[in-house]
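Input: a single structure, listed below in structure tokens.
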Amino acid sequence: KIQVSQASAGTDYFETSIVGLKELAGEQGSVRFDQHVRLAGAIIINDNIEGNGAENRNITSTMQDLTLADRTLYVSDAEGTMGVKLEFEKGAELLVRRFDHIDVDLYGAVLTKESDPERYVITGIPGSAILKDETGSESDVVVKTRKMSELVDSDIYTLVELTDCEIPIRKGPYVGVNLEHYCVI
């Protein structure tokens, strides 16, 4: 895998972590990055092999945007304390894999704080905004163990192993397709 990009010479970056994004959003709920902000130390926790990494949004009453899953990455900090959803402009530009460590230039993107539950989404990111991509492994990601009743807003977009969890099925058999025992919340 080769990804070549060149940052502008002399570009000054304001560096932040996923936890730092929470402070940038503040109470406004939405902020556009008009300067070069480098999201550093993010670990990709999803892949889109199944193509279900995001919802298919309705464009009109009869058409859906089926590309969102290919353009969406969920990233967590190294401690697994908080995650954020990244929506890129084009999925074909993404040359990253699950568990990779990435730094992203958020210039021109929009950070939106959504509530009930509280979560953070960054939209409008070009694929060329990935400044650093280092191969990682599953052992790099902290997986939290929780019961359904113990989940909190900061668990969203992080890896959580659910214990004592039952999924009711109205009728017919259920066969788990993914045999891994953790999921992205």
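The values are calculated or read from the model by the stated rules, or taken from the named source; none is laboratory data. All values derive from a computational prediction rather than experimental measurement. Because the Cβ atoms are built from the backbone with ideal geometry, glycine has one as well, and the counts that use them run over all protein chains shown. Ligands, DNA and RNA are stripped out before the accessible areas are found, and what is left, the full protein with its side chains, is counted by its heavy atoms. Shrake-Rupley method; radii C 1.70, N 1.55, O 1.52, S 1.80 Å.
Between rounded, prolate and oblate, where does the range 28-89 land on the alpha carbon gyration tensor, with a ≥ b ≥ c its root eigenvalues, rounded for a/c under 1.5, else prolate if a/b exceeds b/c?
Numbers: a/c = 2.53, a/b = 1.41, b/c = 1.79.
It is oblate, given that a/c is not under 1.5 and a/b is not larger than b/c.
Specify which labelled value, from (1) 14.6; (2) 9.8; (3) 12.8, agrees with mean projected area of the Cα convex hull in nm² derived from the coordinates of the model shown.
Evaluating mean projected area of the Cα convex hull in nm² on these atoms matches (3).
Per residue, how much accessible area does the chain show when a 1.4 Å probe rolls over the protein heavy atoms, in square angstrom?
60
What is the set of long-range amide H partners of ARG119 at a cut-off below 5 Å, with H atoms built 1.01 Å from backbone N?
GLU114
Using θ = phi - 60° and the Karplus relation 6.51 cos²θ - 1.76 cosθ + 1.60, list the HN-Hα couplings for the range 117-127 in order, rounded to whole Hz, with x at every Gly or Pro.
x, 6, 7, 10, 10, 10, 10, x, 9, x, x
Sorting check: for 79-89, 161-171, which peptide has the highest mean count of neighbouring beta carbons within 10 Å, and how do the rest follow?
The densest-packed peptide leads the list: 79-89, 161-171.
Between SER149 and GLN35, what is the FRET efficiency for a Förster distance of 45 Å, r being their Cβ-Cβ separation, to the nearest 0.05?
Rounded to the nearest 0.05, the efficiency is 0.60.
Count of lysine pairs in the chain with Cα atoms under 20 Å apart, counting only pairs 8 or more residues apart in sequence or on different chains? Display every interim value, and only then the final one.
On the way: LYS1/LYS90; LYS1/LYS132; LYS22/LYS85; LYS22/LYS113; LYS85/LYS113; LYS85/LYS132; LYS85/LYS144; LYS90/LYS132.
Taking the Cα cut-off of 20 Å, the pair count is 8.
Determine, for each peptide in 113-121, 126-134, the mean count of other beta carbons within 10 angstrom over its residues, then list the peptides with the highest first.
Those peptides, ordered most packed to least, come out 126-134, 113-121.
Identify, among ALA92, LEU66, LEU131, the residue whose Cα sits farthest towards the positive end of the charge dipole of the chain, taking +1 on the Cβ of Lys and Arg and -1 on the Cβ of Asp and Glu, with the dipole about the Cα centre.
So the residue we want is LEU66.
Ordered by packing density, taken as the mean number of other Cβ atoms within 10 Å over each peptide's residues, highest first, how do 60-73, 29-42 rank?
Per-residue mean Cβ counts within 10 Å order the peptides as 29-42, 60-73.
Sum -39500 (n - 2.57) across every DSSP H segment of at least 4 residues in the chain, then divide by the residue count to get the 222 nm mean residue ellipticity, nearest 500.
So the helix-based figure for the chain works out to -1000 deg cm²/dmol.
Under 5 Å between amide H atoms, partner at least 5 residues away or on a different chain: which partners does GLY136 have, H built in plane at 1.01 Å?
ASP100, HIS101
At 0.36 nm per residue, minus the direct Cα-Cα distance, what do VAL142 and ILE167 gain on full extension? Give it in nm, one decimal, please.
Here the answer is 6.6 nm.
For TYR107, enumerate residues with amide H under 5 Å from its amide H, sequence gap 5+ or separate chain, H modeled in the peptide plane.
Sorted by chain and number, the residues that satisfy this are VAL37.
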